[in-house]
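Input: a single structure, listed below in structure tokens.
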Amino acid sequence: MTTIEDVALTHPDVSQAREFRLGAETAVAVVPAVFSSAVEIRNHVWEQLGDGDPVLVALVDEIPGDPAALASIVAGLDGTQVSRYTEPDGGLEVALRDIMAETVPASRIGVLDDFIDLGGDSLSAVQLSTLIQERLGVSLRLETVFEASTVRGLATAVRTEAEVAGVVLPGAVPSGTARAGRR
């Protein structure tokens with residue numbers, strides 16, 4: 001049986017990996033061989049094993065033998081070193097997640113995943129801004145897309161801009177606002 005650890009080690013930027021539990025979450029700690037994104041590694045594992053686990057990927061400098069020591073190290077990491085998948089909360093976040101999925105190569109997007117870590121660049125930022133304008137009626141500057149950087153951040157920016165511009169956002173954006181199957 002292939003483990004999360006085995007699959008993480010197939011990522012070209014991972015030199016070591018260890019699966020562990022962090023509370024109720026399945027997690028994997030990885031030592032990157034070069035700079036890498038925890039989101040990118042998490043998506044790599046999901047593409048190989050299917051969606052679901054691990055919920056959390058942590059980039060660490062070393063992996064101690066003691067699971068409690070590893071959990072302690074991971075608990076002290078900042079947001080740039082940890083990727084924890086978080087589901088959308090409400091129709092606007094779902095719509096923005098689906099729109100973002102059309103502009104980046106990631107197979108599954110959490111609302112706290114960074115746009116750049118998902119493979120976003122200046123061209124995809126233009127596409128994202130254009131799709132938000134077309135589908136939600138709110139115009140966001142490219143700077144705002146990069147500053148907001150996550151689905152949750154974009155939702156805040158869209159709500160703020162909609163209020164300033166007098167745009168009424170739908171209470172629940174219907175499904176099908178973006179291509180199906182790109183989550």
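Scanning the range 54-69 for residues that are within 18 Å of the chain's Cα centre (by Cα) and outside any loop (DSSP other than H, G, I, E, B) turns up LEU56, VAL57, ALA58, LEU59.
Would you point out which residue out of ASP51, ASP113 is surrounded by 13 or more Cβ atoms within 10 Å (Cβ to Cβ) and either in a loop (DSSP other than H, G, I, E, B) or at pLDDT below 90 (or both)?
On the way: ASP51 fails: surrounded by 13 or more Cβ atoms within 10 Å (Cβ to Cβ).
Result of the check over ASP51, ASP113: ASP113.
Restricting attention to the range 92-121, and to residues there that are at negative phi and among the small types (Gly, Ala, Ser), which single residue is farthest from the chain's Cα centre (by Cα)? For the range 92-121, the residue satisfying everything is ALA95.
Is there a residue in the range 70-89 that is in a helix (DSSP H, G or I), surrounded by 14 or more Cβ atoms within 10 Å (Cβ to Cβ) and touching a residue at least 60 places away in the same chain (Cβ under 8 Å)?
no
With respect to VAL45, determine if the residue is part of a helix (DSSP H, G or I), among the hydrophobic types (A, V, I, L, M, F, W, C) and under 17 Å from the mean Cα position of the chain (by Cα).
Yes: the conditions hold for VAL45.
Apart from one condition, PHE20 fits all of (1) assigned to a loop (DSSP other than H, G, I, E, B); (2) in contact with a Leu (Cβ under 6 Å, 6 or more places away or on another chain); the exception is (1). Does any residue of the range 93-101 turn out to be touching a Lys or Arg at 6+ places or on another chain (Cβ under 6 Å), in the same structural domain as ILE132 (by TED's automatic domain parsing) and within 30 Å of VAL168 (Cα to Cα)? Yes - at least one qualifying residue is present in the range 93-101.
Scanning the range 5-28 for residues that are under 19 Å from THR86 (Cβ atoms) and modelled with pLDDT of 90 or more gives a single hit, VAL28.
The values are calculated or read from the model by the stated rules, or taken from the named source; none is laboratory data. The model shown is predicted, which means the values in this text are computed figures rather than measured ones. Neighbour counts are summed over all protein chains in view; Cβ atoms, including those assigned to glycine, are modelled from backbone coordinates with ideal geometry.
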